[in-house]
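J.: One structure, pasted below without further comment.
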Amino acid sequence: MDSGVLIRQITRGFGRALSRLPVVFGVSQQTLYNWRYGERPKEIHQAKLIELAAAARTFSAAQFTPTSPMLDRTVAKGKSFLTLLAECADGADAATRLMRIVQRDRAADARFDAALPGRPKVKLTASDFGAEAFAEDAQ
């Protein structure tokens with residue numbers, strides 16, 4: 001299949017999280033854009049491109065758009081979605097697993113919210129955890 005078609009499917013399925021995908025191939029963002037507009041990927045990238053497109057089609061069919069942090073979630077075998085795809089895992093299976101994990105997390109959050117109605121929602125930032133400290137006397 002034409003790499004431009006595959007990249008367009010991937011763009012639709014991954015939305016803004018597309019910027020995270022070069023890590024799957026070990027290439028730059030510009031290289032992905034070049035593939036989209038006609039440059040042919042090296043042979044070693046073809047299988048990964050096909051599996052990413054399968055994942056994207058799975059996301060699109062479920063009307064699910066992954067966020068960047070979701071792509072780092074552990075999905076199977078202690079590996080993140082992106083790591084699995086970098087290893088050329090089955091894209092549709094990895095996408096289905098990721099969606100199941102996210103749906104389970106959302107359901108757990110909803111149960112928690114129902115158990116504690118009226119609880120103020122607080123978004124934590126890195127500064128809420130304080131500065132990194134080093135044990136200067138550690139040997």
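The values are calculated or read from the model by the stated rules, or taken from the named source; none is laboratory data. The structure displayed is predicted, hence computed values, not measured ones. Cβ: placed from backbone, ideal geometry, glycine included. Neighbour counts: every protein chain shown.
J.: State which residue pairs qualify: first residue within 9 Å of Leu98 (Cβ to Cβ) and inside region 69-84, second residue at pLDDT below 90 in any location, beta carbons under 7 Å apart, and separation of 6 or more residues or different chains.
T.: Leu71/Ala17; Leu71/Arg20
J.: A further question on this structure: Residues that are surrounded by fewer than 12 Cβ atoms within 10 Å (Cβ to Cβ) and among the aliphatic types (A, V, I, L, M): does region 7-27 have at least one?
T.: no
J.: To continue, here is another question. Among the numbered criteria (1) under 14 Å from the mean Cα position of the chain (by Cα); (2) free of Cβ contacts under 8 Å to residues at least 40 places away in the same chain, which one does Glu43 miss?
T.: It is condition (1) that Glu43 fails.
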